[in-house]
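This report refers to the structure that appears directly beneath it.
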Amino acid sequence: MGALSALVFTAPAVLAALAALPVLWWLLRVTPPRPRRVPFPPLRIVMDLIPERQTPSRTPWWLLALRLAIAGLAILAAAGPLWQPEALPGTGARGPVLLVIDNGATSAHDWPDRLRLATSRIEAAARERRAVALVATADPTGEIAPLAPDAALERLQALVPTPYLADRNAHAPGIAAFLQRQPAAEPVYISDRVQAAGQDGAGALAAALRARPGIVHAAPSAMPLALVEVANRADGLVARVVRAEPNGREGATVIASDARGLPLSRAEARFAPGATEAEARFDLPLELRNAVARAEIEGERSAAAVTLVDDRSRRRRVGLVSGASSDLAQPLLSPTYYVGRALAPFADVREGRGGASEAVSRLLDENASVIVLADVGALDREVTDRLTRFVQDGGMLIRFAGTRLAAAGDDLIPVRLRRGGRSLGGSLSWDAPKTIAAFPATGPFAALRPTREVMVRRQILAEPDAQITARTWAALDDGTPIVTGERRGQGHVALFHMTADPSWSNLPLSGLFVDMLRELVNLSGRTAPGTQEADAQAPPLSPRVVLDGFGTAGSPPATAKPAPRTYATRAEPDHPAGLYGPAEGSLAVNVLLASDRLAPLDLSAFGGTVAPIVAGTSVDLRGPALAAALGLLVVDTLLLAILGGLGAGIGRRRAAAAAVLAFALVLSGAAFAPPATAQDAAPRPPVRKEDLQAAFQTRLAYVVTGDAQADAASRAGLQGLTAALAVRTAFEPGDPVGVDPARDELSVYPLIYWPVVVGRPLPTDAALRRIDAFMKGGGTIVFDTRDAPSTRPGGEPTPATIQLRRMLATLDIPELETLPRDHVLTKAFYLIDELPGRHAAGRTWIEALPPVPDGEERPARAGDGISPIVITGNDLAAAWAVDRDGNALYPVSGTERQREMAMRGGINLVMYALTGNYKTDQVHVGPLLERLGQ
Amino acid sequence: MAKVRVVDEAGRQPGRPVQALALELAARLPHMMLEARRVLAAVSGVHGRRRAGPGEAFWQFRAFAPGEAAQRVDWRRSARDDRLYVREREWEAAHSVHLWIDRSASMAYQSSLASASKAERALVIGLALADALVDAGERVGLLGLLPPRSSRRIAERLAETILLDDAGRDRDLPPGDALPPQAEVIMITDALVPAADFTARIAGISARGARGHVIRIVDPVEELFPFDGEAVLEDVEGRLDLRVGDARSWGALYRERFQAHGRAIADGCLKRGWSITTHRTDRPATEPALRLLGILAGGGVQRQGAA
């Protein structure tokens, strides 16, 4: 039987249609494609030329073949070809197939394989015309009836793994009855091979199926992994991963996520060889540990591999009661302040109100798991009894000493106390304050390390007795206990032999205190928020979030029923795995309990042959055949279009398509091209020596215009100004330099003087960019048009003004105004009115200041920064210019007083550029002094 | 396989690009040819028109000679002074060239083998010839539309006139009025009319002795018929169509018929002493222009060459 036998048809009758192909061939042959229409002008003169042969040319053979292929493929597809069909590897029985399939939570991890296998079984049954009865072991029991394969297939598609374990035995009676009714039935069991350890997972089912041995499909070994427990232990969060038997899956990654589903951490669990349990340990801070709401095995996709964590292992509620009077106006002296602050990061702190007894009883009502009593002496008898019961039930009682405790006496302390305290390092004591010794290894603080800074000045002493050493959890250097504790019933009582406030010791101020309290709170075994009795009476919790069989959280199905608060068993059909109750204080129901373990199912008990879970390899060829026919049809259409004379248009379209394709390729190429990074940028040029020097010493700068006379005047002027600055102010600038804005680094100069020379080329774009950066970066440029005598207000702009306007045309220049009299520039060093130079007539333009609010009278105004630009026409540099001997180089238009004022203006300019608006504050000094009465 | 297209209405009009092409072509026509033409004109006397004689254009006023017919006095001029003048007209011995460019629907046709549509090629050749001829001193007009003139911007004048002539777009043949003996006619057409009609029209035009030249524009597809398979041939002017079952076998018949048509046209021309130049639109436009100028210069009708 060769490859041909591997091909069967589900509807072979349709193949008869192939016989019609010759007819189709003939039809196609005589109906060729529509002829082309060709415009042809000479037609008129040859109209009498009757074509010799009117019969059209035949349809081209290749077109004929193409169309026959399309028709053949369509017929083949309709016949339902199947490559390598699967027969039921059965016993030869012809009765209905009883398909039993495990769909409990442990079957979810390879559910698609199971589904494929079951589908191929049902399809095979359909080919053999056998009915199928479908039993899903995790679904509720019901009447088992043979179904038509189609209906069975539909039911199968609706099957999903359940978020609880399957109760296989429940189906045993029904199956037994079915097999009784259908003597020819053939059972096929697709098993997940897992049961809960210590339980009879499938005994009855096996017995029922053994009556008629069929086929058992199962993996070679029990494959699923499950998560049974997430324990919030003192040393970290531990997730326990179990498997039924060693199955080759030696490790798993467990992901812990918070209530919103965000992953918090991942941890590896590795099975020891042959072991069926492994632990994944999360090293998380306690705060994050408490936030863990869900842990799951990565990639397992099964409800059994998910453990939901409820409040029971989350933050503890700590009740805080102080014996001190509650009218404490100063919280830093409150004993509860430090404890509350230390507990807040990892516990839910409730402070009791009212009297001590009342507060304690209220906190116990609120289900606190830890009670802290800070220097509480006497409690009334009823509360004492409740507190005792609380500790017995697993509660944690932390007490702090104090004057009241020392005075009172109840038995809720771990040691007997001596009357009166002990003072160390006080004025009446010879002893120095004691530090805490290393913590005993047996106590809860074993993991902590004491710090030397902690000093204990006062303590309450315990009566020495036989148990004092065992009960000492922390001691001072001299061995006297400072923290004692005792286990009582399920819970603990701990006593700090000092106050909760820093009056006896600085321990409450230290980080050690936080750590110690954390260890104590973790010691609290009582994490359930309520007592059993209270829970039993509490109303049942309705399901809020329910997992599906794959471990995905969703809204609860209609079948999920409310669970009592005491619900502590595995998830059941009525109570599927999920979270029950309100968001705070919810109850988690998991597929597996912490104590559960998995065990392999004994398949030999079922009596049938065991086959692996391998889905059939049969390939349905219907789709490919139809697709091929469609593809050929497209080709045919294209060919027709081309033959019909659409060639030109198609050619254009093809070109367009090619263009689009090329465009897409280019785009994708661009997308995959490595992004340009900062490293690609050109390396920064090295800093030039001049710039370096300029950076080390502040100096004035002028722009070299290229006009020798103007440059000489600039240089001499700035030298004069530099000299004047050095003489009159605390600022001693270096020698002035000429800069070229296109070439030099400008950022090292505070002030740049720029004489505008008519006829010089405008600065380049690069220079303009640097000038812009300089001005934006806080520098000031003084543009000097040096043409004050020739300007008239409102008159024609002078050539220098035009030149300046052209220079500034592309710069981002702020709004300008003429120098107002109250501008800080006029007060920066000298008190001046304006900025004269060689000429005094020109006006000075400067960045406009923000308008003054009405009614505010200020002697000086300034904006936030300094003006990036000052424009003048007074030829400042010429007025400042001096020669080597300090003699003025150029005459001024007025008296020598004007030269002096020009110098003062220059000094003010420099001071303004260097100090900014600082003088606007200084001008208030006078009024301030007056107000102070000086 | 060749692809064909019918160009739109505007393609049959002498637009700016066509004029530019024509002037460019005219500029390329060698000056030598025009010089030869001028020499020839001087010798044969055909161009001896720089003197008074029978004609239409004004030549000069001359004094009235006693004994002349009084009706020859130009009274308008004579009224200006005391003497009498006679208006003399320039002797119109020079032949005026009458151009006719076929712009019927069949001209708006271009196949992928050709470099231009027939209409465009015809307009380019016609306008270029007009420009070159005016440059050489001839006067060029449009047959039936524009009297011959020697305007400097003759190509533009012709183009404008053609643009305004809507009726010309439906005519396969030129107006059949007989022209004076000195006139020369240049017909640029695809000659896709029955050869008998064509010959009759030529006979009509040359009834008074006018000479003529025919440039026959042929698209390569019309000559080669490179089709096969089934096709429906449509006439671009009328509603005719012809279903051809097997174009390849029909093509042989067609080519024979088409060549016969060409021969009939050529015979008709030669019989009347006209020249015929067949131009295929896949050839450069220079060829027919040069050939025609050569014929005009040589004065004789040559046998159809491979232009």
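A few remarks follow.
- One residue from A:170, A:202, A:222 being closer than 22 Å to residue A:304 by Cβ and either hydroxyl-bearing (Ser, Thr, Tyr) or modelled with pLDDT of 85 or more (or both): A:170
- Residue in segment B:38-51 that is modelled with pLDDT of 50 or more and away from every other protein chain (no Cβ under 14 Å) present: yes
- Qualifying residue in segment A:458-477 (condition: closer than 28 Å to residue A:334 by Cβ, at pLDDT below 85 and in contact with an Asp or Glu (Cβ under 8 Å, 6 or more places away or on another chain)): no
- Residue count for segment A:244-254, restricted to those that are in contact with an Asp or Glu (Cβ under 8 Å, 6 or more places away or on another chain) and either part of a loop (DSSP other than H, G, I, E, B) or crowded, with 19+ Cβ neighbours inside 10 Å (or both): 2
- Residue A:51 falls short on exactly one of the conditions (1) at pLDDT 80 or above; (2) part of a loop (DSSP other than H, G, I, E, B); (3) within 14 Å of chain B (Cβ to nearest Cβ), and that condition is (1).
- Those strands (runs of 3 or more DSSP E) lying entirely in segment A:256-310 with at least 2 residues without any contact (Cβ under 8 Å) to a residue 60 or more places away in the chain and basic (Lys, Arg): A:263-270
- Listed here are the strands (runs of 3 or more DSSP E) enclosed by segment A:575-664 that have at least 3 residues being more than 30 Å from residue A:305 (Cβ to Cβ) and at pLDDT 60 or above, and there are none.
- Residue among A:848, A:888, A:841 that alone is among the hydrophobic types (A, V, I, L, M, F, W, C) and either modelled with pLDDT of 85 or more or closer than 24 Å to residue A:731 by Cβ (or both): A:888
- For residue A:158: the one exception among (1) among the small types (Gly, Ala, Ser); (2) modelled with pLDDT under 85; (3) within 39 Å of the chain's Cα centre (by Cα): (2)
- Strands (runs of 3 or more DSSP E) lying entirely in segment A:708-818 (those with 3 or more residues that are surrounded by 22 or more Cβ atoms within 10 Å (Cβ to Cβ)): A:751-755, A:780-784
- Residue B:139 passes every criterion in (1) within 24 Å of residue B:4 (Cα to Cα); (2) among the basic types (Lys, Arg); (3) at pLDDT below 85 apart from (1).
- Residues in segment B:122-142 that are buried (at least 23 other Cβ atoms within 10 Å of the Cβ) and in a loop (DSSP other than H, G, I, E, B): B:138 only.
- Filtered residues of segment B:244-261 (kept if at the interface with chain A (Cβ under 7 Å from one of its Cβ atoms) and more than 29 Å from the chain's Cα centre (by Cα)): B:244, B:245, B:246, B:249, B:250, B:253
- Exactly one residue among A:774, A:783 is within 19 Å of residue A:834 (Cβ to Cβ) and of a type in the set (A, V, I, L, M, F, W, C), and that residue is A:783.
- Among the residues of segment B:221-235, the ones that are at pLDDT 75 or above and either within 7 Å of another protein chain (Cβ to nearest Cβ) or buried (at least 20 other Cβ atoms within 10 Å of the Cβ) (or both) come to 9 in all.
- Scan of segment A:138-187 for residues that are aromatic (Phe, Trp, Tyr) and assigned to a loop (DSSP other than H, G, I, E, B), ordered by number: A:164
- Some residue of segment A:504-524 being outside any helix (DSSP H, G or I) and of a type in the set (Val, Ile, Thr): no
The values are calculated or read from the model by the stated rules, or taken from the named source; none is laboratory data. Remember, it's a predicted structure, so these values are computed and weren't measured experimentally. FYI the Cβ positions are ideal-geometry reconstructions off the backbone, even for glycines, and counts take in every protein chain you see.
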